[in-house]
Structure formats: structure tokens, C-alpha cells
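So the structure is just underneath, and the comments pick up after that.
The values are calculated or read from the model by the stated rules, or taken from the named source; none is laboratory data. All of these numbers come straight from a predicted model, not from anything done at the bench. Positions of Cβ are backbone-derived with ideal geometry, glycine not excepted, and every protein chain shown enters the neighbour counts. For accessibility, only protein heavy atoms count, side chains too; no ligands or nucleic acids. Shrake-Rupley method; radii C 1.70, N 1.55, O 1.52, S 1.80 Å.
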Amino acid sequence: MGENPLPADGGRRLVGTRRLLVAGALGVLGTATALAASVPAGAAAGTLGAAAAQSGRYYGAAIAAGHMNDSTYVATWDREFNAVTPENEMKWDATEPSRGSFRFTSADQIVSHAQSKGMKIRGHTLVWHNQLPSWVGGLSASDLRSAMTNHINNVMGHYKGKIYAWDVVNEAFADGGAVGTLRSSVFTQKLGNGFIEEAFRAARAADPNAKLCYNDYNIDDANANKTRGVYNMIKDFKARGVPIDCVGLQSHLSSGSVPSNYQQNIAQFAALGVDVQITELDIGGSGSAQADAYRRVTQACTAVPRCTGITVWGITDKYSWRSGDTPLLFDGNFNKKQAYTAVLDALNAATPNTSPSPTTSPNTSPSPTTSPNTSPSPNTSPSPTPPVGGACSATIETTNSWPGGFQSTVTVRAGSSAVNGWTVKWTWPSGQSISSLWNGTQSGSGSSVTVSNAPYNGSIAAGSSTTFGFTANGSAATPTATCTSP
């Protein structure tokens, strides 16, 4: 089949062992890929994919082509899940083992099957320091840049129109150390820190309709240095018009290591104007403790409108890279575990997602240099900041613009006392209109805009802030906003 043999760790290779130790220490295709069969209002869905679809989300699994000869494995995948991530089959060593020579046989097997079942497909992964063919390491800087762009173009081009979201860059940040430290790799050594931006720009050009994600592990704690580094990068990218649509939280956890601020973490990324996808979920443990951990993660996602889906890293403990930790929803005999029921119940209890993420917007900003530009783009023009007097204040900032539209972030800040619920109002100067909104609820229409808090971000401590965002039609505008609190 032309596929690299699967490693003994079930697909994550040596990096997985390091990841697990750290975790323990810390405690488009929209219409073309239907989510699942619809479920009558008020009825509980009986499978994970169908239950997730009720709130507009997906529930997927990582699949290995090498296990597709196991009929129970495939039957469970088909029955329970409405999305898929190929485990190893789309990685660089599998798709381009020698320079310029591409092979897609095993990945095509997974994609073809998923398409026949109407599943969403996540592409994993385009640029990663691991599982690189040996020829990449010997390239000069100019050759490496050319090879990286060519790899992105060919792999994304092969699957153009079939992939819902791509993990464009994977695990680029270092564990530990100062905020924003990238791991040392062939990419940082020869291309500098700007390689991430270059990869995202190349990916947007290769497939303008696929969602482009940054994916990493140990970014589950909202306050961890690694998390803050990724957060700052995405904030900078959004401010400068670098194309990025989503962040992937791998969430390789244990029953006792789900951070208490996990939902807050999802919300803070969503507030930047990107989707959040839980991309490689597995939670070591058993029984009620494992079930409770899975429930907490699922509820955290469904509480944030821009958390669009969850993928578990495998179907059965039998084939898991962490098989000794029994981390998945089905045991080694494909029996449903307590964790399965906890997830299904949490998905069925989720309210419909009424705040869809914005569609991919055109990118009109300049091409990058090899070093990140941390200065604001000319498109970034904050509106005047009202004095923080009274209950709350609001500031509108344009973070991106293109012909006929723009994207903005609104910061809502509490004054000298805490805020419990807020409403922001402004008037458009020349006929602008919101096309999509996240982390807030809009009421009214026309030139006068009113946005109130979402269920999860109404409480703001004294002197603190929260944000919501939107894309809008018309020329970029930053009207003065007012904020009131009950």
C-alpha cells in the first residue's frame, strides 16, 4: 500500500512519551459533508456524531489505515463518528518520502471512506519537526523554504475541496521556558521564527476554503507559558492579517489533570476570532474518574460557541498509543466505557450553537519576511477609548480588512467594580452590517448595533476585560461604543 509501518506507540511515535510525561506532571466541506442524520427536537441522539451534530459540532476520531482491515474498528467508526483525522497517513514522511515524489494511497483510503459516509475530514499535518523524511534536514535555507511551500501546495492541492480543516503547523512551541519560545527544529534553525507565518500564507494560497489551524499539546491551561505564547502568536496574526482560522488543543490528559480553567482557555482563544478544535483528546484512567474528566472537557467545549468539534485520538484502547492508560471511549473489545456515556450525555445536553464562526476572509496583507513582524498593520485602527468610569467601557479595534469587508475585536472592560452582564452599543457611520459574531449576542438591526454578553463571559472582575468579535460588510469602521451593565 506504500504506507510507512505504524510505530509501536500506535501513531504518535517517540514524541508521545514525552507528551504524556508532561501531561502527567501538569496533573469545506459545509454542505458537501453533512454532520450526521438529524435528530427530532427533544430526542436524545444515540451516537456521538449525531449528538454533536445537534449543536452544530462534530465528534471525530483519529483513524489508521493499517487497522481498516478490522471490521469492528470500521463499523464503530462508521456508527459513532461524523469526522476523521488520519493518524499518520498525511504527515510529511508518508506523503513525500523523497523530494518531489508524492504518494497518497493510504491517506486516500481514509478520505474516500470518510467521504462515502459524509464525514468531515481534518488534515494532519503539513509542517512538523517530527516524522520528517531524512532529505529535509540536509537542505539549505532557500531550498527548505522552497520545499516547505511545495509540500504544502502539493498535499493541500491533492485534497483541495475535501478537507474541512488543516493542522498547518504542529507543535512549534517549546515546553517550559519563557513565553513565546519556539522549539529548536530544522525550520527555526534555517528559516527563523517566521516559518510559521510563511506556512500559513502558503496554505491559504493552496486552498482558500479550508480552515487553517495551529495545533499543539500542553496548551490546555489558560495561564501556562506555552499557552500564552500560542495565544500571543494568534493575536499577532489576527492583528496583521496573517491567515489563521483555528487553534487545536491536543488535550492528552489524565483523569486528574484536566485544568480547572480549561473552559476559560477555550473562551480566551475564541475571543481572538478563531475557532477552537479539541484535536487529539485522550484521557488516561478508568471508571467514574475518567468519565468525569471526559464530561468536563465535553461541557467546556459545548459551552463556547466557537469550539466547533472534538476528535478523540483513536477509537479503542486496543490500538491506542497509550494503551496501558486505557484512555479512549471504547475498551480493547470495543465495549462502551463509562466515559462514552458521560460524553454522549454531555453532547445531548448541549444547546444549539447559534453563533457560527465567520467564513474564511480574503487575505490582502503583504507577503512575509523570515522574521515575525510584531508591529500593528496599517489596517489596525483602534477607536477612541472611552474613560473607564461607571460600570464598563468598550473599545472597537479593526484587526483585518479586505475589499468589501473587515474584522473587528471589541474589548469590554469593567471599571472600579465587577460587572455581571454587559451590553455594548454603537452606530455604523455608513451602512456597515455584521455578517458574523462570536462571544456575544446581537439584537436589533440597521445602523444601530446592540451586542450583549454570551452566557459564559458576562462576569468581569474589577479592572479586567473580556472580548467579542465580528466580521462585517462594508468599509472598515471604528465607531465609538458605549457599554452598560445591569
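Which residues, taken from region 293-313, are open to solvent by 10 Å² or more (accessible area, probe 1.4 Å) and outside any strand (DSSP E or B)? I'd like the intermediate steps shown before the answer.
The first filter runs over region 293-313 and keeps only residues open to solvent by 10 Å² or more (accessible area, probe 1.4 Å), leaving 295-296, 299, 302-303, 305, 308.
Hits for region 293-313 are Arg295, Arg296, Gln299, Thr302, Ala303, Pro305.
Look at region 206-227 and say how many of its residues are in contact with a helix residue (DSSP H, G or I) (Cβ under 8 Å, 6 or more places away or on another chain) and closer than 17 Å to Met148 by Cα. Working first, answer last.
Let us first name the residues in region 206-227 that are in contact with a helix residue (DSSP H, G or I) (Cβ under 8 Å, 6 or more places away or on another chain), namely 206-207, 210, 212, 214, 216-222, 227.
Retained after the next criterion (residues that are closer than 17 Å to Met148 by Cα): 206-207, 212, 214.
So the count comes out to 4.
Selection of region 242-263 for residues being surrounded by fewer than 23 Cβ atoms within 10 Å (Cβ to Cβ), of a type in the set (Gly, Ala, Ser) and touching a strand residue (DSSP E or B) at 6+ places or on another chain (Cβ under 8 Å) yields Ser254, Ser255. Scanning region 63-111 for residues that are within 26 Å of the chain's Cα centre (by Cα) and part of a loop (DSSP other than H, G, I, E, B) yields a total of 10. With respect to the conditions (1) part of a loop (DSSP other than H, G, I, E, B); (2) open to solvent by 30 Å² or more (accessible area, probe 1.4 Å); (3) modelled with pLDDT of 85 or more, Leu328 falls short on a single one, namely (2).
Of everything listed in (1) closer than 16 Å to His158 by Cα; (2) more than 21 Å from the chain's Cα centre (by Cα); (3) polar (S, T, N, Q), the single unmet condition for Thr125 is (2). A search for C-beta distances below 6 Å between a residue of region 209-223 that is over 17 Å from Asp275 (Cβ atoms) and any residue that is open to solvent by less than 10 Å² (accessible area, probe 1.4 Å) and assigned to a loop (DSSP other than H, G, I, E, B), counting only pairs 6+ apart in sequence or on different chains, returns Tyr217/Gln250.
Taking region 268-292, which residues are open to solvent by less than 20 Å² (accessible area, probe 1.4 Å) and among the small types (Gly, Ala, Ser)? Answer for region 268-292, where residues must be open to solvent by less than 20 Å² (accessible area, probe 1.4 Å) and among the small types (Gly, Ala, Ser): Ala270, Ala271, Gly273, Gly284, Ala291. Identification of strands (runs of 3 or more DSSP E) wholly contained in region 439-486 with 1 or more residues that are at pLDDT 85 or above yields 440-443, 448-453, 482-484.
Across region 435-457, not a single residue is classified as open to solvent by 30 Å² or more (accessible area, probe 1.4 Å) and of a type in the set (A, V, I, L, M). All conditions but one from (1) at pLDDT 95 or above; (2) closer than 30 Å to Arg183 by Cα apply to Trp77; the one that does not is (2).
Whenever a residue of region 91-107 is within 20 Å of His129 (Cα to Cα), its partners that are among the aromatic types (Phe, Trp, Tyr), lying with C-beta atoms within less than 6 angstrom and at least six residues away or across chains, give the pairs Thr95/Phe102; Glu96/Phe102; Arg99/Trp135. Output the residue which, of all residues in region 112-146 that are assigned to a helix (DSSP H, G or I), more than 23 Å from Asp216 (Cα to Cα) and among the hydrophobic types (A, V, I, L, M, F, W, C), is least open to solvent (accessible area, probe 1.4 Å). Selected residue: Ala114.
Within region 170-206, the set of residues being under 22 Å from Ile278 (Cα atoms), part of a loop (DSSP other than H, G, I, E, B) and small (Gly, Ala, Ser) comprises Ala172, Ala174, Gly176, Gly180.
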